[in-house]
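Notes follow once the structure below has been shown.
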Amino acid sequence: MSTDKMPRVLSLLTLLLGFAAAPVQALQLVTEEYAPFNYTEGKTLKGLSTQVVAEMGVRANMPMEFHSMAWRQAYERAQSKQNTCVFSTVRLENRERIFKWVGPIATDTWGLYAKSAFSGEIKTLADARPYRIGAVTDDYKVEWLKQKAVTNIDTVDVDKKNPPRLTLDRKELGGIDLWVASIYSAREVAASAKAPDIKLLLKINEQELWLACNPGVPNVTVKALQGALDGMKKNGTYKKIVDSYATRLAR
């Protein structure tokens, strides 16, 4: 080998060794407080979706860091930060190209809630149109309701603020008559907000939940995570996690 080629070969070798020694950057997983799918207990993030995603990371040999925050903040961070994914997310046509998708990781069911003494008759979604409905900002439930011509919606940044706003006085300033929430988390959210006096009026929709990743997340990472999830569903690991939440999902 000629001496004039040596520096370039050594430089290339040094570069390759540098890449090999570089630690794998942890994938950032952002979410909201939405039990039983993702929620904080003490200082630990738990939940059905959290367990599923964490197990996917283990199987894909992908380091992960989890963070809980308001939904709008989590959703916007996943859009703006390259190494970030958000869960648990509804997969929609207008979101399809914004993210790379892995899932489904869970299934949610929504319902309309009111105070226990509410006397209105809500047998169909159309019956809810005259009422003020509380929801979370940028949550797909809002968009879905509007698509169904239910537009009298008042949003807050976190769901915990909704139960205390429920009222029987339809003229109360800042109050809501109904609240759209997951049937699996509504009572826990209401209890944590010290407003447990609620009742389910109507189940309105069922949606699959997904992991949505920033387009900057490498395709190989997305493929590995999907492969891990598929393997979990094939060998019974996924069902075991879901079954461990059977009591909380029986609503």
Exercise. Any idea how far apart Glu121 and Ala26 come out in nm if each label point goes 7 Å out from Cα toward Cβ?
Worked result: 5.6 nm
For this session: First check a/c for segment 145-202, with a ≥ b ≥ c the square roots of the eigenvalues of its C-alpha gyration tensor; if it is under 1.5, answer rounded, and if not, answer prolate when a/b is larger than b/c or oblate otherwise.
Result: oblate
For this session: Using the Cα centre as the reference, give the magnitude of the dipole from point charges on the C-beta atoms of the chain (Lys, Arg: +1; Asp, Glu: -1; all else neutral), rounded to the nearest 20 debye.
Result: 240 debye
Seminar exercise, completed: Taking only C-alpha positions in segment 94-231, Rg and Dmax in angstrom work out to 17.4, 54
Exercise. When the accessible area of the chain is split by element with a 1.4 Å probe, what percent falls to carbon and sulfur?
Worked result: 53 percent
For this session: Would you mind giving the three semi-axes, in whole Å and largest first, of the ellipsoid equivalent to segment 72-145 according to its Cα gyration tensor?
Result: 31, 13, 11
Exercise. Say the cut-off is 32 Å between C-alpha atoms; which of Lys46/Lys115; Lys161/Lys233; Lys146/Lys233; Lys123/Lys171; Lys199/Lys233 go over it?
Worked result: Lys161/Lys233; Lys146/Lys233; Lys199/Lys233
Exercise. Which number do you get for Rg(Cα) / (2.2 N^0.38 Å) in segment 175-238?
Worked result: 1.70
Exercise. Which whole-percent values make up P(r) of the chain when all C-alpha to C-alpha distances are grouped in 10 Å steps starting at zero?
Worked result: 7, 28, 29, 18, 9, 4, 3, 2, 1, 0
Exercise. Which value, in Å², gives the accessible area per residue of the chain when a 1.4 Å probe is used on the protein heavy atoms?
Worked result: 53 Å²
Exercise. Which trypsin sites (Lys or Arg not before Pro) from segment 57-155 combine a DSSP loop assignment with at most 16 other Cβ atoms within 10 Å?
Worked result: Lys81, Arg97, Lys123, Lys148
For this session: Round to a whole angstrom and tell me the spacing of the C-alpha centers of segment 182-251 and segment 57-126.
Result: 9 Å
Exercise. Gain in length, Glu206 to Arg97, computed as 0.36 nm per residue apart minus the alpha-carbon separation, to one decimal in nm?
Worked result: 37.0 nm
Exercise. Under DSSP H, which helices of the chain have Cα atoms covering 18 Å or more of the helix axis and a Kyte-Doolittle average no less than 1.0?
Worked result: 6-21
Exercise. What is the gain in length, in nm to one decimal, between Met64 and Glu41 on full extension, counting 0.36 nm per residue of separation less the C-alpha to C-alpha distance?
Worked result: 6.4 nm
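The values are calculated or read from the model by the stated rules, or taken from the named source; none is laboratory data. In this text the structure is predicted, and so the values were computed from the model without any measurement. Glycine gets a Cβ as well: all are built from the backbone with ideal geometry, and neighbour counts include every protein chain shown. When the accessible area is computed, the model is the full protein with side chains, heavy atoms only, and any ligands, DNA or RNA have been set aside. Shrake-Rupley method; radii C 1.70, N 1.55, O 1.52, S 1.80 Å.
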